[in-house]
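Down below is the structure, laid out as structure tokens.
The values are calculated or read from the model by the stated rules, or taken from the named source; none is laboratory data. Given the structure is predicted, the values throughout are model-derived calculations rather than measurements. Cβ coordinates were reconstructed from backbone atoms using ideal geometry, including for glycine residues, and neighbour counts include every protein chain displayed.
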Amino acid sequence: MSILALPTGVGVVVGAPLSYWRTVAWRLSRDRATLVAGSLLLLVVLSAVLAPWISPHDPNAGSIRQRLAEVGAPSHVLGTDEQGRDMLSRLLWGGRMTLLAGLTPVLVAFVLGTVLGVSAGYAGGITNTLVMRTMDIFYAFPAVLLAIAISGALGPGLPNTLISLSIVFIPRVVRVAESATVQVKGLEYVAAARASGAGVWQILRHHLLANILGPVLVFASTQVSLSIILAAGLSFLGLGVTPPAAEWGLMLNTLRQSIYVNAVVPALPGLAIFVTSMAFNLVSDGLRDAMEIRA
Amino acid sequence: MSVALLEARGLRKHFPLRGGVLQRTRAWVRAVDEVAFQVRAGETVGIVGESGCGKSTLARLLLRLVEPDAGHVWFDGEDVLRALPSRMKRLRRDMQLVFQDPHASLNPRLTIEDAVAFSLLVHGVRRAEAREKARMLLGRVGLDPRLYGRRYPHELSGGQRQRVNIARALVLDPKLLLLDEPVSSLDKSVQAQVLNLLQELKAERALTYVFISHDLNVIEYVSDRVLVMYLGRVVESGTADALAESPKHPYTQALYASAPSMDPDRRMERPPIAGDPPNPINPPSGCRFRTRCAFAMPKCAEAAPAPVAVAAGHDVACYLYDEVRT
Ligand SMILES: Nc1ncnc2c1ncn2[C@@H]1O[C@H](COP(=O)(O)OP(=O)(O)OP(=O)(O)O)[C@@H](O)[C@H]1O
Ligand SMILES: [Mg+2]
């Protein structure tokens with residue numbers, strides 16, 4: 001585990017305690033790029049959450065007469081799609097779907113993966129071998145291929161997307177959690193806790209989890225952007241969210257043929273995917289630096 | 001003489017070295033082999049030996065942090081290795097260990113006050129009371145709890161961390177303290193301070209020490225009796241004075257000769273040990289020191305020599321002294 005370097009100006013006051021998380025917050029507050037990306041992310045998340053209240057039109061109500069309106073058209077700020085549906089509304093609602101489909105699997109993987117990884121790492125022996133070799137089977141496939149294969153087998157729809165993406169991310173989290181657990185388990189402070197008579201749960205709770213959750217969380221956050229891209233990708237291929245629901249990947253697919261008629265509007269969902277996944281990447285990078293976890 | 005507070009007999013630990021796809025055992029690290037000794041209440045037993053000779057492993061075996069492959073450990077008349085979990089938890093209060101590495105032995109996420117109080121919480125003491133006792137002990141080891149109590153380990157120096165480790169080991173009021181190279185990573189001046197603190201604490205709390213070090217000067221300074229270890233085996237044991245005045249085993253002789261001594265008569269009287277210590281993976285057959293020993297005989301390769309008493313309380317495991325017995 002890395003030893004925190006003291007940020008200058010903090011902690012020099014004699015007796016001033018400086019908790020780990022306060023140090024992390026202090027570091028983040030100094031990191032411009034992360035702050036900008038974080039604000040952007042907040043904006044995306046907020047607009048997705050508030051879509052039902054802030055979107056100007058029904059995202060599924062089309063109009064034959066207003067197909068593929070330009071950006072800036074009256075009452076359609078971001079134009080309309082190939083069925084004449086308001087793009088701004090669809091992007092807001094689509095963000096809900098894409099974020100849900102992107103974040104949920106990582107969250108599920110974070111919880112299940114940590115439980116599995118910590119158990120395997122702490123138990124060692126045959127349990128460890130069984131769990132880790134099973135994970136290796138999944139890990140051997142490229143993420144995209146695995147996601148497509150599982151989704152293909154399960155069929156389209158949001159629940160199946162969530163399941164297949166969770167299966168993609170669980171083995172990755174398990175690996176990180178397991179190796180962090182094995183590393184921390186061998187440190188002397190864990191032996192010291194055992195020597196004082198602490199049981200497995202007390203050691204897990206006070207010594208292991210406290211020291212491995214940080215790195216695992218940072219790792220999980222690096223996977224969110226990939227998960228968003230995979231979720232959008234599955235929809236794009238018709239294996240994810242089904243029409244007419246608005247979802248960025250699906251929108252990209254249906255607008256694909258219109259690119260010669262109107263180049264700007266079809267690019268918007270792609271831009272949304274790009275900006276959101278970039279923002280997630282930058283924030284997780286910043287988080288990793290602030291927590292001083294070496295990749 | 002009172003009964004031994006701690007007694008070990010035939011302790012053995014061999015670590016498997018695994019490799020290959022199937023994780024088959026490729027070789028064994030013979031970290032500790034047939035170690036036997038006694039520690040009487042109130043004394044300080046020093047264990048000295050080169051790096052990698054199994055000192056830390058021995059300490060962990062005595063505390064049952066690592067399960068031995070064979071042997072027995074008795075503490076206060078109780079069979080430690082047979083103790084059931086609840087009994088073991090009770091026993092752990094009485095025997096504590098100060099760890100070797102002051103950087104790895106404190107949880108970076110706990111304030112030092114909480115690190116010390118944790119052991120008490122484990123034993124069901126209420127939080128406020130545990131904190132209070134932890135603060136008191138931090139004060140006793142020389143760390144003002146008002147200044148340091150709420151600090152994290154990374155804010156402390158090596159010497160300060162080692163004081164925290166001592167406080168943590170003492171907070172359960174143990175009878176026996178195992179000290180695994182408690183001062184090896186510290187500067188000379190800090191070493192002296194910590195050693196003096198340990199001597200004070202011992203007198204104050206009627207403690208018994210098992211003091212591990214590779215530094216003969218430190219061992220001579222603190223110990224009543226000394227065990228000399230070589231590649232997992234005890235080669236000689238006796239009072240600190242007896243070993244200093246007439247070391248018997250060729251390894252002990254070389255060890256005392258090569259240590260920078262305060263006594264000019266003893267300095268460089270004997271040749272220092274030649275060569276590097278052999279690997280504990282596949283150590284030499286028979287006497288493990290024979291590959292570096294000036295007196296090696298054919299029978300040294302056949303079987304490990306059993307300890308022989310050359311004087312009362314002075315045992316040597318070497319064939320040179322076999323005639324004493326017969
Ligand atoms: N868990 C383990 N698995 C495998 N080998 C081990 C393990 N613990 C210790 N060893 C090996 O056992 C031998 C003795 O190690 P130990 O740490 O007891 O030595 P030491 O005398 O304390 O050395 P030092 O002075 O460097 O602390 C070493 O060769 C070490 O590599
Ligand atoms: Mg050691």
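Observations on the model:
- Helices (runs of 4 or more DSSP H) contained entirely in region B:3-122, each with at least 1 residues that are away from ligand 1 (no atom under 16 Å from the Cβ) and crowded, with 16+ Cβ neighbours inside 10 Å: B:85-94, B:112-122
- All positions within region A:198-224 that are in contact (Cβ under 8 Å) with a residue 60 or more places away in the chain and either outside the structural domain of A:Ala123 (by TED's automatic domain parsing) or touching a helix residue (DSSP H, G or I) at 6+ places or on another chain (Cβ under 6 Å) (or both): A:Leu208, A:Asn211, A:Ile212, A:Gly214, A:Pro215, A:Val216, A:Val218, A:Ala220, A:Ser221, A:Thr222, A:Gln223, A:Val224
- Filter result for A:Ala195 (farther than 30 Å from A:Ala147 by Cβ, within 8 Å of chain B (Cβ to nearest Cβ), without any contact (Cβ under 8 Å) to a residue 24 or more places away in the chain and touching a strand residue (DSSP E or B) at 6+ places or on another chain (Cβ under 7 Å)): yes
- Residues of region A:233-252 that turn out to be part of a helix (DSSP H, G or I) and in contact with a Ser or Thr (Cβ under 6 Å, 6 or more places away or on another chain), as a count: 4
- B:Asp180 closer than 20 Å to A:Ala193 by Cβ and within 16 Å of ligand 2 (Cβ to nearest atom): yes
- Set B:Leu255, B:Leu170: member being touching a residue at least 12 places away in the same chain (Cβ under 8 Å), more than 14 Å from chain A (Cβ to nearest Cβ) and over 19 Å from B:Arg40 (Cβ atoms): B:Leu255
- Selection of region B:131-170 for residues being over 16 Å from B:Ala117 (Cβ atoms) and not aliphatic (A, V, I, L, M) yields B:Gly142, B:Asp144, B:His154, B:Glu155, B:Ser157, B:Gly158, B:Gly159, B:Gln160, B:Arg161, B:Gln162.
- Among the residues of region B:128-146, the ones that are part of a helix (DSSP H, G or I), under 21 Å from B:Glu200 (Cβ atoms) and either in contact (Cβ under 8 Å) with a residue 12 or more places away in the chain or at the interface with chain A (Cβ under 8 Å from one of its Cβ atoms) (or both) come to 7 in all.
- Residue check, B:Lys188 within 20 Å of B:Arg90 (Cα to Cα), among the basic types (Lys, Arg) and more than 16 Å from ligand 2 (Cβ to nearest atom): no
- Inspection of region B:55-62 identifies at least one residue that is among the charged types (D, E, K, R), in contact with a Gly (Cβ under 7 Å, 6 or more places away or on another chain) and more than 11 Å from chain A (Cβ to nearest Cβ).
- Residues satisfying the stated conditions in region B:185-210, i.e. surrounded by fewer than 23 Cβ atoms within 10 Å (Cβ to Cβ) and within 14 Å of chain A (Cβ to nearest Cβ): B:Ser185
- Out of A:Ala140, A:Ala101, A:Ala120, sole residue that is assigned by TED's automatic domain parsing to the domain that holds A:Leu252, small (Gly, Ala, Ser), closer than 30 Å to A:Thr181 by Cβ and surrounded by fewer than 16 Cβ atoms within 10 Å (Cβ to Cβ): A:Ala140
- When region B:85-116 is filtered for residues that are small (Gly, Ala, Ser), within 21 Å of A:Trp21 (Cα to Cα) and away from ligand 2 (no atom under 16 Å from the Cβ), only B:Ala115 remains.
- Selection of region A:57-76 for residues being within 34 Å of the chain's Cα centre (by Cα) and surrounded by fewer than 13 Cβ atoms within 10 Å (Cβ to Cβ) yields A:Asp58, A:Ala61, A:Glu70, A:Gly72, A:Ser75.
- Checked against (1) more than 13 Å from ligand 2 (Cβ to nearest atom); (2) more than 29 Å from B:Gly149 (Cβ to Cβ); (3) touching a strand residue (DSSP E or B) at 6+ places or on another chain (Cβ under 8 Å), B:Arg82 meets all criteria but (3).
- Of the residues B:Thr57, B:Thr25, B:Thr44, the single one that is in contact (Cβ under 8 Å) with a residue 40 or more places away in the chain, among the hydroxyl-bearing types (Ser, Thr, Tyr) and away from ligand 2 (no atom under 16 Å from the Cβ) is B:Thr44.
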